[in-house]
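Nothing in this text is a laboratory measurement; each read-out follows from the coordinates by a stated rule. No experiment lies behind these values; they were computed from the predicted model shown. All Cβ positions, even for glycine, are placed from backbone atoms using ideal geometry, and neighbour counts span all protein chains on display.
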Amino acid sequence: MLRSRIRRLFRLRGLTPRDSVREVDDEMELHVELRAAELVRRGLDPDAARDEARRLFARDAGTLRALYAAAVERDRRMRTRQRVESVAQDVRYAFRGLIRDPGIAGFIVVALALGMGATVTAWTLLDRLLLRPPSHVVEPDRVVRLYGELDRGDLGLRTSSWIPYSAYLQFRDLASFESVGAYRILERVVGEGADARRMRVGDALGGFFPLLGVRPFAGRLFDARDDAAVEGNLAVLAYDLWRSRYEGDPGAIGRSILVDDEPHTIVGVAPPGFTGTEPRRVDVWVLASSATAGTTNWNIVGRLRPGATRQAAGAEATAVHRPDESGSFTWFRDVRIFAGPLAWGDDGREPVEATLARWLAAVTVIILLITFANVVNLLLVRVARRRRELAVRVALGSGRGRIVRLIAAEGALLALGGGVASLLVARLLEPIVRQALLADQAGWTSSLADGRLLGLAGAIALIAVACVGVVPALQAGSPRVVRALRGGPRAGSATLRLRGTLTVVQAALSVPLLVGAGLFLRSVANVRALDLGIDPEGLLTAEAMLPRLERFSFDREWDTYRRLEEAVRRLPGVEAVAVSIGLPLDGGSFSAPVWVPGRDSIPALPGGGPYVSTVSADYFHTIGTAIVRGRAFTDGDREGSEPVVIVNRTMATTLWPGGEALDRCFHVDHPGSPCARIVGIAEDVHRRGLRERPSFQYYLPLGQQRMFGGAKLVVRPAAGAAFSRDALRRAMVAADPRVWAVEVRSLEESVQGELRPLRIGMVTFGMSGGLALLVALLGLYGLMSYMVAGRRHEIGVRVALGATHGDVVGLVMRSGIALAAAGVAVGLGIALVAGPWLEPHLFDTSARDVTVMVLVAAVLLATAAVAGWVPARRATHVDPTEALRTE
Amino acid sequence: MSVIKGTLDVLVLKALSWQSMHGFEMTRWLEQRSGDRLALEDAALYQALYRLERRGLVEAEWGQTEEGRRARYYELTRAGRQELTEQTEHWLRYAETVTDILTAVPRTA
């Protein structure tokens, strides 16, 4: 049935080679007969004439065969030409038809473009995160990473990719593996002086590169012999670093590079895009030295032998594993070892981004399919609306097939237009999604430059052509629709109900997605409005790398940092600078107990602590923490002066309720220490991040604390000043010759980093929600149009009975909005039920936020109004006499 | 006299430039015009027709002869007419050149 329809669609009927041969025979027969008749007239007897005529026609069978072949070839060629011409004509007609109705055509193209573009983007992500193996790894399917898993009873499973070096030695000879390698990636300071930067440095044992099968871009990589040799420290540069730092100079090989102040000899350059087995970039690879080999934070990768399985490898490793009796890494004693594919993260699971991408890919595909369904419906509505034109064509002799092909051509044109436009959409979406989900992925290439993904886009476009072109055409070709073309569409109530349900489902689908987007948006806004107690905007921290010995002397560290502080203060563009040991939002917090005279103990607060920062005089001004009472430190608060302290508001109000905290004193660290007098009360500060619970915080002046070292500078550049981090580095290196490197970080960026999960949520929900909304709009519009077309008669009667334009618009729009409202109700129900699942990922926002829900409902109803408006307007143009006459 | 290779096509086009005809009519036309001097296998004519049809230079349609017999009638297309003009010019120039060469009298010193 379908086959015959498709055959008809493409006019496959027609001459077959057998027909060609028969035609030649007919032609020949006439020729021979006429020739024979002529010969008879000249006097030959009929039989002889006939033979002679045959001989004159063709002397041998070869000639005849050539003749037949020529006819077959001719017919084949002509059929093709005819088909091409007829398709070209269909396309021309279809194009003209679409141009006449640019609104709908544009709308469909945009809907398809967004649907397909989003799908391609989602699949690009999925490909990036899950499907694409790491670059330059030979047969990556056979390379696995080992994980340790410990069942801690009530505490749950603990899974980690950190494996001690001693275990690596045990796993080296497993039967499941061809070879085993180990690496770890650490942040270390690379370079010297003002040029030094913290970079991602891969420690690799010599066997790591040969296991992966990676080839050097230049020079050589490490191999197993290097492990044994005592050549000293070796380094391999990442291609990007080699280009940026050494301008791609081949002479870089053989030179020395400082990694954590230790010289390493550069032996080679890794190929472009090589990141080891993990997706994040690695700037430098160094050969793991024997000094670090005894540590516990190794990642073990193995190349499975052909036929070996991950399960078998894990079981074997677990069986072989003998806990290291020295017991320095206790949790690893009783672990079960398992092997995971390279796409998994450090926690032995698929990365959350990958799960999100998988989810997004699934949602976009569903939405895309619904889009196709809606576009198909819309095209059928167009058919119904144009039934007069089509009926005229049928009357003028256009076959049914012709009309079917016309519709197919329209669909195909729209799908192709959408396909081309979708590339543009993918191009626009890509940077957004990339920034949200793949901030630190190396070697990203645009999907548009990737042959496979371009192929995927092409395949999706083809499917679109098939869905949007062929399906409505088949539908239109069915006798039912042809009958409808004659009589006008009278939608059966069952069809309408089905379509109504579909529309409600679509609206309902978009609601929870939009609610999700709204909730994440609200969370981001809440974060923006959050008072952290400091002003992180533009704020930099700078840490000077000093020879180790300098670090161990408190006095020397204070001296050095006071000098650095002075040097930076003189820099143009610096508004304020201070020294601090223990910074908020900086990863490390120091805590030290306090003893308050007259109190047995102090209450433990949920935020932990008490936290202590040791700061120079200008600290509060620099970091932007308000002193709510009393004073800040001055240069007079230092070694040898009266012990003083500043406490935070929480500490002041909790320990000295009634506001008498000022001038009280407490002992820091141990009860025998001198009692430090409270000279000021500071605003509470977020120490750990965005989610902060109350804690005691107090500040000591630089020089009055000998518990913790690790000073940093806090630098606030003047607003609008051209101030570069490089200038800061140079000034610090110049101020003290012992500073061998300076690490500059932005506190603002660490706050931004915490926004990332919220951004991811916003982007994924926003993208899918927006798409779903568009689809719902499309669906409603199609349904409304269909309804208007189907109810022309009824509307005509109403108009004849005196209904005004307003009545007609109201009639149509009411039913559209009613459907949307049903969808909103169902959708909000889903959103409410699913809310608790989302809530932990939000910030200070209830998953049942009323504002968001109301807004989403309003948006959806407004969309429904827009979708209903055009068909409603069209309904007012129904001419009662005409509508009644078509019966 | 046999037909020079490649000239049959243009002869067929010429025949059809007078009126549309079926295969045998064309044969008769060529025989009469040449005074029966051209020796031509009938099948070759049909092959030429199919070739021209394939190139879109002639079109064919089944019709009826005056005697009521079913016959395939050939007609010149616009492209065929154009081709005939070009090929005729080409042939004339060619024939002139060849004639000039062949009839040149050797110059005696």
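Within region A:235-285, the trypsin sites (Lys or Arg not before Pro) that combine a DSSP coil assignment with at most 15 other C-beta atoms in a 10 angstrom radius are A:Arg255. Across region B:28-39, computed HN-Hα scalar couplings (Karplus, 6.51 cos²θ - 1.76 cosθ + 1.60, θ = phi - 60°) run 4, 4, 5, 4, 5, 4, 8, x, 6, 7, 8, 8 Hz from first to last residue, x flagging Gly and Pro.
Computed across region A:828-874, the Kirkwood radius stands at 12.4 Å (inverse of mean 1/r, all Cα pairs). Across chain A, counting alpha-carbon atoms alone, Rg and Dmax equal 39.0, 150 Å.
The largest-to-smallest principal axis extents of the Cα set in region A:252-312 are 44, 31, 20 Å. In order along region A:567-578, the phi-based Karplus estimate (6.51 cos²θ - 1.76 cosθ + 1.60, θ = phi - 60°) of 3J(HN,Hα) comes to 4, 6, 4, 6, 5, x, x, 9, 7, 7, 8, 8 Hz; Gly and Pro are listed as x.
Distance from the C-alpha centroid of region A:505-525 to that of region A:559-583: 46 Å, rounded to the whole angstrom.
Report, to two decimal places, the Cα Rg of region A:696-770 normalised by 2.2 N^0.38 Å (N = number of residues). Write down the numbers at each step before the final one.
Values: Rg = 19.2 Å, N = 75, 2.2 N^0.38 = 11.3 Å.
Here the Cα radius of gyration is 1.69 times the empirical estimate.
Label-to-label distance, B:Lys14 versus A:Ser256, with points set 7 angstrom from Cα along the beta-carbon direction: 9.7 nm. How many percent of the alpha carbon pairs in region A:332-381 exceed a separation of 12 Å? Pairs farther apart than 12 Å: 74 percent. Shape analysis of region A:602-723 based on the Cα gyration tensor places the equivalent ellipsoid semi-axes at 23, 19, 14 Å, largest first. Estimated translational diffusion coefficient (Stokes-Einstein, Kirkwood radius over Cα pairs, 25 °C, 0.890 mPa s) of region A:97-168: 140 µm² per second.
The spread of Cα positions in region A:787-877, taken along each principal axis and listed from longest to shortest, comes to 59, 17, 15 Å.
A cut-off of 5 Å between modelled amide H atoms, ignoring neighbours fewer than 5 places along the same chain, links A:Leu258 with A:Gly191, A:His264.
The Cα trace of region B:70-109 gives Rg and Dmax of 18.3, 67 Å, the first to one decimal, the second as a whole number. Note that region A:225-274 carries a Kirkwood radius of 11.4 Å, evaluated over its alpha carbons pair by pair. Taking 1 over the mean of 1/r across every pair of different Cα atoms in region A:559-622, what Kirkwood radius in Å do you get? This gives a value of 14.2 Å. Shape analysis of region A:91-230 based on the Cα gyration tensor places the equivalent ellipsoid semi-axes at 50, 23, 19 Å, largest first. Here chain A carries DSSP beta bridges of which approximately 75% are antiparallel, counting only pairs with both residues inside. Once a ≥ b ≥ c are taken as the square roots of the eigenvalues of the Cα gyration tensor of region A:144-199, is the result rounded (a/c under 1.5), prolate (a/b larger than b/c) or oblate (a/b not larger than b/c)? Note, shape of region A:144-199 comes out oblate.
Over every Cα atom in chain B, the radius of gyration and the widest Cα-Cα span, Dmax, amount to 16.8, 70 Å.
At 4 °C and a viscosity of 1.567 mPa s, what translational diffusion coefficient does Stokes-Einstein give for region A:662-712, taking Rh as the Kirkwood radius over Cα pairs? Give it in µm²/s as a whole number. Intermediate results must be reported in sequence, preceding the final value.
Values: Rh = 13.2 Å.
So the translational diffusion coefficient is about 98 µm²/s.
Couplings for region A:622-628, taken from phi via the Karplus curve 6.51 cos²θ - 1.76 cosθ + 1.60 with θ = phi - 60°, read 5, 7, x, 9, 6, 8, 7 Hz in order; Gly and Pro are left as x.
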